[in-house]
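Below: the structure, in structure tokens.
The values are calculated or read from the model by the stated rules, or taken from the named source; none is laboratory data. What you see is a predicted model; the values in this text were computed from it and never measured. A quick note on method: Cβ atoms are made from the backbone with ideal geometry, for glycine too, and the neighbour counts reach across all protein chains shown.
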Amino acid sequence: MARDPGGGDRFVISDTALRLKSIDYRRHILELIKEAKGGHTGGSLSCVDILNVLYNGVMNVRPENFASPDRDRYVQSKGHSVEALYVVLADRGFFPRAELATVSKYRSHFVGHPTRKVPGIEHNTGALGHGLSFGVGQALAGKINQRPYRVYVLVGDGELAEGSNWEASLSAAHYALDNLVVIVDRNRLQITGPTEQVHPLEPLEDKLRAFGYAVRTVDGNDVSALRTILGQVPFVTGKPNLVLACTTKGKGISFMENVTGWHHRVPNEDEFAQAMRELDAAEENLKRES
């Protein structure tokens, strides 16, 4: 069983509550992107369930302990999907949700990629391939200093074309960083098309194991399955952990799912209205079933 966000030994939120949060997060992601007139819609929707589970059911990090050397660390290496991170951090109380109205506005700290000027963000990211190296360094420091924290790094599958990820992985295995948890958002699409056409990755799980990871594959849009898998960390003592999270780009909005064009696109008024209707219906169905 994983530690809860308050640092205890139990989960404090039900699976149904997590699913409802994911629906709400998707609403706010789309509202944010529409208001900002820009953003990475598809990738934010594919990874938001992962962030939901991490911040609400796994990690020991919150505004009150963010200065503690023992807090868990989260690094979003696929920084272009920052809208999902902003929405989750606001919900967790790192800053007022009203501040998200300034995203991409003049002099706002809420820009199109993570920056440490925003409360709750560990590291500036956006130049793909850098976040994992930083996460490996933090995990190594934790081992050297005998700290109990874990480091969680979210990497995009298109980002794996960057060689620095594989160099960092070699170091993670060499130093037996079982306090490192790498999560690959395997939505199989990047800005120019399917990953297997642009820069093939398969057999990806075999490659990751060969680089020294203890690998687990999971439906990355299933909050219950995610929480179960992340609660099993460390998978193997002395090996870095890797969760291959199979997701759907644009998840939750029918006309956005698995469509390359929604990598970076703003919904128009009709599309936004349809998306809200779909999310409202999903919420009503979930409440009816629970």
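Remarks
- Annotation note: of Y175, Y213, the sole residue that is farther than 19 Å from L45 by Cβ, touching a Pro at 6+ places or on another chain (Cβ under 6 Å) and not hydrophobic (A, V, I, L, M, F, W, C) is Y213.
- Within region 106-152, restricting attention to residues that are among the polar types (S, T, N, Q) and touching a His at 6+ places or on another chain (Cβ under 7 Å), the residue that is farthest from G79 (Cα to Cα) is T115.
- Being touching a strand residue (DSSP E or B) at 6+ places or on another chain (Cβ under 6 Å), closer than 22 Å to M256 by Cβ and not aromatic (F, W, Y) holds for only one residue in K78, K37, and it is K78.
- Some residue of region 202-219 being acidic (D, E), part of a helix (DSSP H, G or I) and over 29 Å from G112 (Cβ atoms): yes
- Filtering region 62-79 to residues that are touching a residue at least 60 places away in the same chain (Cβ under 8 Å) and either within 18 Å of the chain's Cα centre (by Cα) or under 17 Å from P114 (Cα atoms) (or both) leaves R71, D72, R73, Y74, V75, Q76, S77, K78.
- Exactly one residue out of R277, R288, R265 is in a loop (DSSP other than H, G, I, E, B) and either of a type outside the set (A, V, I, L, M) or more than 20 Å from the chain's Cα centre (by Cα) (or both), and it is R265.
- Every residue from region 179-201 that is polar (S, T, N, Q), buried (at least 18 other Cβ atoms within 10 Å of the Cβ), over 17 Å from the mean Cα position of the chain (by Cα) and part of a loop (DSSP other than H, G, I, E, B): N179
- Residues that are touching a Ser or Thr at 6+ places or on another chain (Cβ under 9 Å) and assigned to a helix (DSSP H, G or I) within region 252-262 comprise T260, W262, listed in sequence order.
- Screening A225, A210, A275 for residues that are of a type in the set (G, A, S) and buried (at least 20 other Cβ atoms within 10 Å of the Cβ) leaves exactly one candidate, A275.
- Some residue of region 167-178 being surrounded by fewer than 20 Cβ atoms within 10 Å (Cβ to Cβ), at pLDDT 95 or above and more than 18 Å from T237 (Cα to Cα): yes
- Close contacts from region 208-220, counting a first residue that is within 16 Å of G156 (Cα to Cα) and a second that is of a type in the set (G, A, S), with Cβ to Cβ under 9 Å and a gap of 6+ residues or different chains, come to L208/S169; T217/A245; V218/A225; V218/A245; D219/A225; D219/A245; G220/S46; G220/A245.
- Here the condition is being assigned to a loop (DSSP other than H, G, I, E, B) and without any contact (Cβ under 8 Å) to a residue 60 or more places away in the chain; of S104, S108, it holds for S108 alone.
- From the options K249, K239, residue that is in a loop (DSSP other than H, G, I, E, B), more than 26 Å from D72 (Cβ to Cβ), in contact with a Gly (Cβ under 8 Å, 6 or more places away or on another chain) and of a type in the set (K, R): K249
- Annotation for region 145-153: no member residue is hydroxyl-bearing (S, T, Y) and free of Cβ contacts under 8 Å to residues at least 12 places away in the same chain.
- When S133 is tested against the conditions (1) in contact with a strand residue (DSSP E or B) (Cβ under 7 Å, 6 or more places away or on another chain); (2) assigned to a helix (DSSP H, G or I), the lone failure is (1).
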